[in-house]
Amino acid sequence: MKRFSPTSPSRRQAEYIDWRSIVTRKEPEKSLTFGRKRHVGRNSAGRITTRHKGGGVKRLWREIDFLYDKKDIPATITTVEYDPNRTSFVALLVYRDGTKRYTLLPQGVSVGGKLLFSELAPLEAGNRMPISKIPVGTFIYNIELTKGKGAQLVRSAGSSAVILAQEGEYAHIELPSKEVRLIRSENWASIGALSNPENSFMTIGFAGRARRMGIRPSVRGSAMNPVDHPHGGGEGRALIGRRRGPATPWGKLARGVKTRKRKNRSDKFIVERRK
């Protein structure tokens, strides 16, 4: 982490990740980079559907390989790069046949490291294989939910899941949320944990940086009028003053309320709910 001298109130609070000691290349691979319009919280009609999003600097889209369809071909990590569209670092892989692909960088792997996606791959960080071939107690990421659909679970910085047990056609996997879920043993997963675990300790520091990230200001409900928010009104600073507890601007209960559908098709795969 990088800290600054307290030359201003914003600098006093800011804590950044020291990219220079990790990233080896600034410009992305041109053949794997595309322009992409960010929707910034708007739907197809241009109306705001997610508040507090908008603006921000332009971003190029890096095409990350989540399908991992090039199996049994060794690949070498040639560069480690920063991707503004995700929290972990990305690595540029060059396969033995010359193909280039972007992948999420795992911890403990650097430039020059070898990765292999195969049923016979060695048990090393970054390698990918079916869950049935991975021993119980191993940390994994980039987990498939549906066979052939590619990595869908555990893709954020520093995250990893743990294989708790193998039982028949399913494996018991503890996700980062501490939810224990059944996932088919024939699905694939990558070994290890993702890079940039310090991301959760980063402090934005000042409002201008948040705006460049595409985060717009949010106003406390207690600072509004009663017509604008259930928390608004009152003389001076007042408590929420609701028997049912905190609410959203539309009157729905907030904080600690379950939002998952009561009759969800995937409920049968959940062994233990998240805390």
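Annotations
- Only listed residue being in contact with a strand residue (DSSP E or B) (Cβ under 6 Å, 6 or more places away or on another chain) and modelled with pLDDT under 90, chosen from R20, R25: R25
- Selection status of M202, within 30 Å of N127 (Cβ to Cβ) and of a type outside the set (S, T, N, Q): yes
- Among (1) surrounded by 13 or more Cβ atoms within 10 Å (Cβ to Cβ); (2) farther than 21 Å from A193 by Cα, the one test that T103 misses: (2)
- Matching residues, the range 158-187, being of a type outside the set (D, E, K, R), within 18 Å of the chain's Cα centre (by Cα) and not in a strand (DSSP E or B): G158, S159, S160, L175, P176, S177
- Filter result for V40 (within 22 Å of the chain's Cα centre (by Cα), part of a loop (DSSP other than H, G, I, E, B), in contact (Cβ under 8 Å) with a residue 40 or more places away in the chain and closer than 26 Å to P217 by Cα): yes
- Of all residues in the range 47-94, those that are part of a loop (DSSP other than H, G, I, E, B) and either outside the structural domain of G108 (by TED's automatic domain parsing) or under 23 Å from S110 (Cα atoms) (or both) total 19.
- Qualifying residue in the range 223-236 (condition: in contact with a His (Cβ under 7 Å, 6 or more places away or on another chain) and outside any loop (DSSP other than H, G, I, E, B)): no
The values are calculated or read from the model by the stated rules, or taken from the named source; none is laboratory data. These numbers were taken from a predicted model, which means no experiment stands behind them. Ideal geometry is used to build each Cβ from the backbone, glycine not excepted, and the neighbour counts take in all protein chains shown.
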